[in-house]
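A.B. asks: Input: one structure, supplied below.
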Amino acid sequence: MTTPPPARREAAFFFILVTVALDMLALGVIIPVLPKLVVAFEGGDLQSAARVVGYFGFAWAAMQFFFQPVLGALSDHFGRRPVVLASNLGLGLDYIFMALAPSLPFLFAGRVISGITAASVATANAYISDITPPEKRAGRFGMIGAAFGLGFILGPAIGGALGAYDLRLPFWAAAFFSLANFLYGYFILPESLAPEKRTPGIVWRSANVFGSVEFLRRKPALTLLAAALFLSYLAHESLPALFVLYTQNRYNWDASTTGWALTIVGVSQTIVSGALVRPAVARLGEKTTLVIALTCGALGLVAYAFAPTGALFMAAPPLIALWGMANPSFQGLATRLAGVSEQGRLQGALGSLRGVSGMVGPILFTQIFAASLAFNVFSGAGYFFAALLLATSLFIGLKAAGAKRD
C-alpha cells in the first residue's frame, strides 16, 4: 500500500485526531474512579490506597517509558496502521479486563497492560510526520495536543457521572470508546508509510530506551532538542502533581472549586493547541514560537508560585496554556532531523522522555512541596523550581536551533 493521496491524507489525519481524542477520553474516563476502586479493594483504608495509587501511576509511566520506542520501531518496519489498530484493540480488551478485575493484583495488571498499549501515541505522531510536509508538522502536532485536551476535559466528567452509579461502569465505557475506534480505523485508516520507505528489519537497538538515547545522540542538534524537551516535560509534571495539594493548602479550595479551576485550565490549553499553534508557527516559525511558549510557561509558573490569592492564581492559566505551543514546535524541529524511515523511532525516543518525566516528576515535586510544609517555608517552591527548569529548557532549545542551522 502506497502513501495516500492528498484527500485521503486529510481523512487519515482526521482519523488520527479521533484516535488520540478517543484514547485520551478512554484514559480520562477512569481517572475519577480508579483511586476509588483501589480504596474499595483496600477495604476503605485511604492511607494504604494512596500508596497503591502511587504505584499504579509509576507502573503506567514506566510502561510508557519502555514501550514507546518498541512500538515506534515496529511501526517503522511494519507500518503505522497495524500498530495503531493493535493498540486500539488491546486497550479495549484491557479495559474489559479491568472492569471484571476480581482483586487488586488483577486491576494492577490491567493498568500495566494499558500503559503498554497506550504507548502508540508515538506511532500516531510518526503517522502525522509521514503525511504532513515538514513546514506544517508543528501545526498538526498542535491539533493533536487539542485532541489530548478534549479527551481529558470530557473524560473525567463522563467517568465521574458514570462512577456515581457503579465504579466499574466507566471501564466499560472506556472499552466501548477504544473498540469503536478500532473498528473505525480498521475500515477507514490508510497506511501512511510506503513499503519502500520502511526499515528492512526491526531496528531492535532503537527499540529500547538505551537504544533510544543512542538514536538521539547521533546529531548534536537532536541531542540538545531532546534535552530541552525533557526539561519541559519534567516542569509540566508540576501541574498535575501539585495543583490540588497546593491550592487546598494555600487558598483553602474545596473539591468543587478545584474541579472548576481544572476545567478552565483544560479548556484554555485546548484552545491554544487547536487554534493558535498552527497560525503562530506559520507566521513566526518554530523557533520563535518555541521561545514565546517557554517564556509564557515560565512566567505562568512564577505566577502560580507567588500569587497571594486564588483569584490572582487563576489569572495565570492563559500563560500556562500558551506553553502548549512548545511541544509541537519541539516536535516539528525534531522531525526535520530524522529520515523518513526513522520517524517512528524518533517519536518513540521522544515518548520515552515523557515516560521518564512521568516517573520522576510526581515524586520530585510532591517531595519539594512536602519539604516546604515541613520546614514552613515558601509553599510555591515546587512551581518556582519548575519555572527554572523551563528557563533552562529555553536556553538549551535556543542552542539546539542554532546548531540546526550549522
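The values are calculated or read from the model by the stated rules, or taken from the named source; none is laboratory data. In this text, all values refer to a predicted model and were calculated from it rather than measured experimentally. All Cβ positions, glycine included, derive from the backbone under ideal geometry; neighbour counts span all protein chains shown. These accessible areas exclude ligands, DNA and RNA; they are computed on the full protein's heavy atoms, side chains included. Shrake-Rupley method; radii C 1.70, N 1.55, O 1.52, S 1.80 Å.
A.B. asks: Between D45 and I188, what is the label-to-label distance in nm when each label sits 7 Å out along the Cα-to-Cβ direction?
C.D. replies: Placing both labels 7 Å along Cα→Cβ, they lie 4.8 nm apart.
A.B. asks: Calculate the spin-label point distance for Y165 paired with L104, positioning each point 7 Å from the Cα along the beta-carbon direction, and give it in nanometres.
C.D. replies: Here the answer is 2.9 nm between the modelled labels.
A.B. asks: Rounded to the nearest 10 Å², what accessible area does L89 have for a 1.4 Å probe in the complete protein model?
C.D. replies: Using a 1.4 Å probe on the heavy atoms, I get roughly 60 Å².
A.B. asks: If the chain between F58 and R336 were fully stretched, how many nm would it gain, using 0.36 nm times the residue separation less the Cα-Cα distance? Each step should come with its number before you reach the end.
C.D. replies: Values: separation 278, 0.36 × 278 = 100.08 nm, distance 3.21 nm.
Gain on stretching F58 to R336: 96.9 nm.
A.B. asks: Any chance you could run the full-extension gain for K136 through V360? It's 0.36 nm times the residue separation minus the Cα-Cα distance, nm to one decimal.
C.D. replies: Value of the extension gain: 77.4 nm.
A.B. asks: Please work out how much length the chain gains when fully extended from A371 to T263, using 0.36 nm per residue of separation minus the C-alpha to C-alpha distance, in nm with one decimal. Please report the intermediate quantities before stating the final value.
C.D. replies: On the way: separation 108, 0.36 × 108 = 38.88 nm, distance 2.86 nm.
Length gained between A371 and T263: 36.0 nm.
A.B. asks: With a 1.4 Å probe and every protein chain left in place, tell me how much accessible area T335 has, in Å² to the nearest 10.
C.D. replies: 0 Å²
A.B. asks: Count of lysine pairs in the chain with Cα atoms under 25 Å apart, counting only pairs 8 or more residues apart in sequence or on different chains?
C.D. replies: Number of lysine pairs found: 12.
A.B. asks: In whole Hz and in residue order, list the ³J(HN,Hα) couplings for the range 294-302 that follow from phi through the Karplus curve 6.51 cos²θ - 1.76 cosθ + 1.60, θ = phi - 60°; x for Gly and Pro.
C.D. replies: Per residue, the Karplus-derived 3J(HN,Hα) values read 5, 5, 4, x, 5, 5, x, 5, 4 Hz.
A.B. asks: For semi-axes √(5λ) of the Cα gyration tensor in Å, one of [x] 70, 24, 18; [y] 35, 24, 20; [z] 31, 27, 19 was computed from the structure I shared and the rest are decoys. Which label?
C.D. replies: Among [x] 70, 24, 18; [y] 35, 24, 20; [z] 31, 27, 19, the one derived from this structure is [z].
A.B. asks: Just the accessible area for T392, please: 1.4 Å probe, Å², rounded to the nearest 10?
C.D. replies: Spelled out: T392, probe radius 1.4 Å, area about 60 Å².
A.B. asks: Quick one: with all protein chains in place, what share of the accessible area of the chain is carbon or sulfur, to the nearest percent (1.4 Å probe)?
C.D. replies: Numbers: 11980 of 17040 Å².
Result for the chain: 70 percent of the exposed heavy-atom area is carbon or sulfur.
A.B. asks: Compute a Gaussian network model of the chain, connecting alpha carbons closer than 10 Å, and tell me which residue from L390, L284, L34 fluctuates the most.
C.D. replies: L284
A.B. asks: Return the FRET efficiency for the residue pair L245, E196: r is the Cβ-Cβ distance, R0 is 51 Å, and the value is rounded to the nearest 0.05.
C.D. replies: Computed FRET efficiency for L245 and E196 comes out at 0.45.
A.B. asks: So what's the range 259-298 giving for Rg/Rh, alpha carbon basis, Kirkwood Rh from the mean inverse pair distance?
C.D. replies: 1.07
A.B. asks: Still on this structure: Once you wrap a convex hull around the alpha carbon atoms of the range 60-177, what is its projected area averaged over all directions, in nm²?
C.D. replies: 7.9 nm²
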